[in-house]
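For reference, the structure is listed below as structure tokens.
The values are calculated or read from the model by the stated rules, or taken from the named source; none is laboratory data. Just so you know, these numbers come straight off a predicted model, no measurement behind them. All Cβ positions, even for glycine, are placed from backbone atoms using ideal geometry, and neighbour counts span all protein chains on display.
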Amino acid sequence: MSLTFTNLQNTSQANLQQLLNILQSNEDLNSCLIDCSNQGVCQQVNQTFVCQCNQNYMGSSCQTYTGACSRNKCLNNATCVNTLNMTSYKCECPSNGLFYGQYCENRINTCQNVTCSLHGFCISNQNLTTQCKCFYGYSGEICDVESTSIKIVKVVQWTTTIICIICIVIFWMITIGSDILSYFGIGDKLIDIEKWKHDKLHSNQIEDEKRKKNRFKDRKIHTMIYISKK
């Protein structure tokens, strides 16, 4: 009777352990199916289910990539693509066309041919469009519209320039004309004529002064004679 009870007890423990092993196996299987990251397959090893990882993947759930792209230098949201032999990679730049280069490190200069009429500077937007930021006094899509104040300043500058040019031309004409007159001796003659006119005028003024004084003396003499007669 005692032997039968012992055998029954051992049988129950064995069944319980087998049940626990089955439950543990099911748990390992479910975990393996969920956690292999689609980069491996579940296999039973010593009554335990584990992930057998694909090539270039490792880890308990095949979560670590060890291929060429694991050390990629792709920039600006570029996509790393392994070569056929899995020993190297290349970078596929984003489809927006903004970047180029081995690692997509270069950005296209969309402002290269945009001058903004030389009255502003160009700004490159993310969608490959450009925008002109205009300087003070200018507006418009390409900064080609002048404000009233700019127009007034330009008119003043233009007028001042014309006046300066005219003054310079007159100065040079006078200088050249003077040199020509001096070369032919006309200039000296003109100077002599002007000097003669000046001397003549001065002489006439002296004669007028003398006549005035003589008339005053005559009047004074006549006045004294008149008084003496009385």
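Within the group 97, 59, which residue is at pLDDT below 95 and outside the structural domain of residue 38 (by TED's automatic domain parsing)? Spell out the reasoning first.
Numbers: 59 fails: outside the structural domain of residue 38 (by TED's automatic domain parsing).
Result: 97 is the single residue among 97, 59 that is at pLDDT below 95 and outside the structural domain of residue 38 (by TED's automatic domain parsing).
Does residue 146 satisfy being surrounded by 15 or more Cβ atoms within 10 Å (Cβ to Cβ) and within 30 Å of residue 79 (Cβ to Cβ)?
Answer is no for this residue.
Could you please give the count of residues in the range 116-134 that are surrounded by 14 or more Cβ atoms within 10 Å (Cβ to Cβ) and in a loop (DSSP other than H, G, I, E, B)?
Result for the range 116-134: 1.
All but one of (1) more than 30 Å from residue 140 (Cβ to Cβ); (2) modelled with pLDDT of 85 or more hold for residue 111; state the number of the condition that does not hold.
Just one mismatch for residue 111, condition (1).
Within the range 49-74, which residues are more than 15 Å from residue 38 (Cβ to Cβ) and in a strand (DSSP E or B)?
49, 50 - these are the residues of the range 49-74 that are more than 15 Å from residue 38 (Cβ to Cβ) and in a strand (DSSP E or B).
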